[in-house]
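The values are calculated or read from the model by the stated rules, or taken from the named source; none is laboratory data. If you're wondering where the values come from, they're calculated on a predicted model, not measured in any experiment. Here the Cβ is made from the backbone with ideal geometry for all residues, glycine too, and neighbour counts use every protein chain on show.
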Amino acid sequence: MSERPIGDYAVLSDCRSAALVSSGGSVDWLCFPRFDGPAVFARLLDEDAGHWSILPVGGPGEVSRRYLPDTLVVETTFRTPTGTAVLLDALALGKRERGHGMGQSSPGTLLRQVTCTSGTVDIAVEYAPRPEFGLIQPVMTRVRGGLSARGGAQSLMLATDLAFRLTGSTAHAEATLTTGDRLGFALSADPAWGPDPTPWSRRRIRRRLADTETGWRSWSTLHAAYTGPWEEQVRHSGRVLRALTYAPTGAIVAAATTSLPESVGGTRNWDYRYTWVRDASLTLQALATAACKQEKADFFAFLAQAAATQLDRGVDLQVMYGIGGERDLSERTLPHLSGWRGSSPVRVGNDAWRQRQLDVYGELLDAAHQTLPHDELLDPPVRAFLRQCAEAAARRCPLCQSDSSQAYWMIH
């Protein structure tokens, strides 16, 4: 498993899924095609569960990194005794997606580009995809313009000009770069039973990386209202919260990962790649500091759809939902994974969906009160949903009937 601190990882997002990349240039977590999908790289949880590293031969040397301004594109700079190389990493947004449109047509592609900016740098690349949380060691073959990896439900295509050596399900390559030389990579996933995917061209990789930068900056421009203490940190936090939003539905995940422990070696290791009503309501209020109304409307519309008919039938509002609106999130363990720093078991799914927690009604109604417009008529589905929540809270919590009744009349 990875011995790196969790804080060493930077997050990438296409507003559908997420990847974690270390300061050493290794992608140790990536799920396709959704946040809650099976991981292609999961070295975060077990050394043999897949990774993809790009770094100077002999080690990363002196490393510095940052997010490019107003984006979630990560720039890692490696300084070696012979030269300097800069690595850019991003999950591609849809072509020309801007502002609140980010994530609606993301292609599910991880983009990586390494450029020698001075001197000479020998670069080593190790590519070891392990779909389904490391259960699958795919059959890897060379194709024109890249590498194909097949096994299980997905077919992976790595676009690259490098000549890789294949050792089972792991590929290795080295290249010597001099000032101005650049290597581009694009990793995409497609259903295994469809046609063979086409590798991305070098030009397409370069253009889509730049387009993804522009897309994130366009969103940041729309959400630059906050001024005050810790201004840059607040704005970056807003981008991270947006990165944890599943664009097709408006759901907000509590985290991009599963089974990171509350304490090293402990067993309280949960799957947080779902939407908790309480957490997402608080997230929504945080977004309101710098965000406009689109995120709020999308989130409440998602909840109204996910909880449709539950409250009318006398069923409790669930404390959490899947990002597609799923209700059954039954939990299972993955015994073949050792866990982060030996913290097991590793879990997929979360049985907290069965719990009854009455505070979610108050958190949700408070978020609605603070974030939804007071001078506009709510959309009928959202209005009906919030009315049902107020009525359900009054029925289930007699001590809170007065507050819930007040919320009921406000919604009406």
Exercise for the section: Output the residue which, of all residues in the stretch 1-16 that are out of contact with any Ser or Thr (no Cβ under 8 Å at 6 or more places or on another chain) and surrounded by 22 or more Cβ atoms within 10 Å (Cβ to Cβ), is farthest from PRO248 (Cα to Cα). Expected result: LEU12
Completion exercise
Taking the stretch 202-238 and keeping only residues that are outside any helix (DSSP H, G or I) and without any contact (Cβ under 8 Å) to a residue 12 or more places away in the chain, one is left with THR227, GLY228, PRO229, TRP230
Problem - Residues of the stretch 115-140 satisfying the condition of being among the β-branched types (Val, Ile, Thr) and either under 16 Å from PRO38 (Cα atoms) or at pLDDT below 95 (or both) - result: ILE136
Handout entry: Options GLY99, GLY103, GLY50; residue that is of a type in the set (Gly, Ala, Ser) and more than 23 Å from MET157 (Cβ to Cβ)
Key = GLY99
Exercise for the section: For the stretch 271-288, indicate whether the set of residues that are of a type in the set (Asp, Glu), crowded, with 21+ Cβ neighbours inside 10 Å and closer than 18 Å to ARG34 by Cα is non-empty. Expected result: yes
Problem - Per-region count, the stretch 202-229, residues touching a helix residue (DSSP H, G or I) at 6+ places or on another chain (Cβ under 9 Å), surrounded by fewer than 13 Cβ atoms within 10 Å (Cβ to Cβ) and at pLDDT 90 or above - result: 1
Handout entry: Filtered residues of the stretch 250-270 (kept if assigned to a loop (DSSP other than H, G, I, E, B), out of contact with any Ser or Thr (no Cβ under 9 Å at 6 or more places or on another chain) and crowded, with 21+ Cβ neighbours inside 10 Å)
Key = GLY250, THR257
Problem - Filter pass, GLY61 being crowded, with 21+ Cβ neighbours inside 10 Å, in the same structural domain as MET102 (by TED's automatic domain parsing) and at positive phi - result: no
Exercise for the section: Go through VAL125, VAL86 for me and flag whichever is touching a residue at least 60 places away in the same chain (Cβ under 8 Å) and either under 26 Å from HIS51 (Cα atoms) or surrounded by fewer than 20 Cβ atoms within 10 Å (Cβ to Cβ) (or both). Expected result: VAL125
Problem - Residue satisfying condition, being out of contact with any His (no Cβ under 7 Å at 6 or more places or on another chain) and either surrounded by fewer than 14 Cβ atoms within 10 Å (Cβ to Cβ) or in contact (Cβ under 8 Å) with a residue 60 or more places away in the chain (or both), within set LEU365, LEU372 - result: LEU372
